[in-house]
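K.L.:
This is the structure, below, for whatever I ask next.
Read-outs throughout are calculated quantities, based only on the coordinates presented, and are distinct from any laboratory measurement. Quick caveat: nothing in here was measured; it's all calculated off a predicted structure. No Cβ is skipped: glycine too gets one built from the backbone with ideal geometry, and neighbour counts run over all protein chains shown.
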């Protein structure tokens with residue numbers, strides 16, 4: 001790719017920021033290019049969107065809203081789910097890991113638990 005910083009860094013950290021990029025795969029491919037072999041990708045504090053099964057009415061409602069309004073909300077948060085992070089990290093050439101964290105994201109009864117995504121450059 002001939003980036004100025006190609007294979008220069010040991011770690012790349014996205015903390016509450018990767019969800020602002022409209023193209024996860026492209027962003028992570030560029031991130032992979034700047035990491036040395038065995039380099040670590042950390043995607044922290046981004047599990048803020050609940051995942052719904054395909055047969056759930058909430059899944060269809062979410063898809064309809066995205067179709068009408070677009071992917072990003074007014075803050076430009078693209079609202080990625082765990083499966084989208086995993087897929088993009090693996091497609092970019094990382095070995096994927098997930099860390100479940102045992103505290104809720106929001107202080108409400110049905111809040112999802114926090115979690116972090118990791119990738120190791122192969």
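K.L.:
For the chain, taking Cα atoms only, what is the radius of gyration to one decimal and the Dmax to the nearest whole Å?
P.N.:
When restricted to the Cα atoms of the chain, Rg and Dmax are 15.5, 49 Å.
K.L.:
Build a GNM of the chain with springs between Cα atoms under 10 Å: which of 68, 13, 91 gets the top mean-square fluctuation?
P.N.:
Result: 68 has the largest fluctuation of those listed.
K.L.:
Would you order 52, 85, 103 from fewest to most other beta-carbon atoms within 10 Å of each residue's own beta-carbon?
P.N.:
So the ranking, lowest neighbour count to highest, is 103, 52, 85.
K.L.:
A further question on this structure: Mind pulling the angle between the C-alpha long axis of helix 57-69 and the longest principal axis of the chain? Nearest 10 degrees, somewhere in 0 to 90.
P.N.:
Tilt relative to the chain: about 70 degrees.
K.L.:
Sticking with this one: Quote the FRET efficiency, to the nearest 0.05, computed for residue 13 versus residue 90 with a Förster distance R0 of 25 Å and r equal to the Cβ-Cβ distance. Show your work: numbers first, answer last.
P.N.:
On the way: r = 19 Å, r/R0 = 0.75.
It comes out at approximately 0.85.
K.L.:
When the chain is modelled as a GNM with alpha-carbon springs shorter than 10 Å, which of 86, 47, 69 fluctuates the most?
P.N.:
69
K.L.:
On a 0 to 90 degree scale, rounded to 10, what angle separates helix 82-91 from the longest Cα axis of the chain?
P.N.:
For helix 82-91, the angle is close to 20 degrees.
K.L.:
So for the chain, averaging the separation of alpha carbon pairs under 8 Å that are six or more residues apart and normalising by length, what relative contact order in percent results? Intermediate results must be reported in sequence, preceding the final value.
P.N.:
Working: 199 pairs, mean separation 38.1, N = 122.
The normalised contact order for the chain reaches 31 percent.
K.L.:
What whole number of Å gives the distance from the Cα centroid of region 41-68 to the Cα centroid of region 6-38?
P.N.:
22
K.L.:
Summing -39500 (n - 2.57) over the DSSP H runs of n ≥ 4 in the chain and dividing by its residue number, what mean residue ellipticity at 222 nm do you reach, to the nearest 500 deg cm²/dmol?
P.N.:
One gets -8500 deg cm²/dmol as the mean residue ellipticity at 222 nm.
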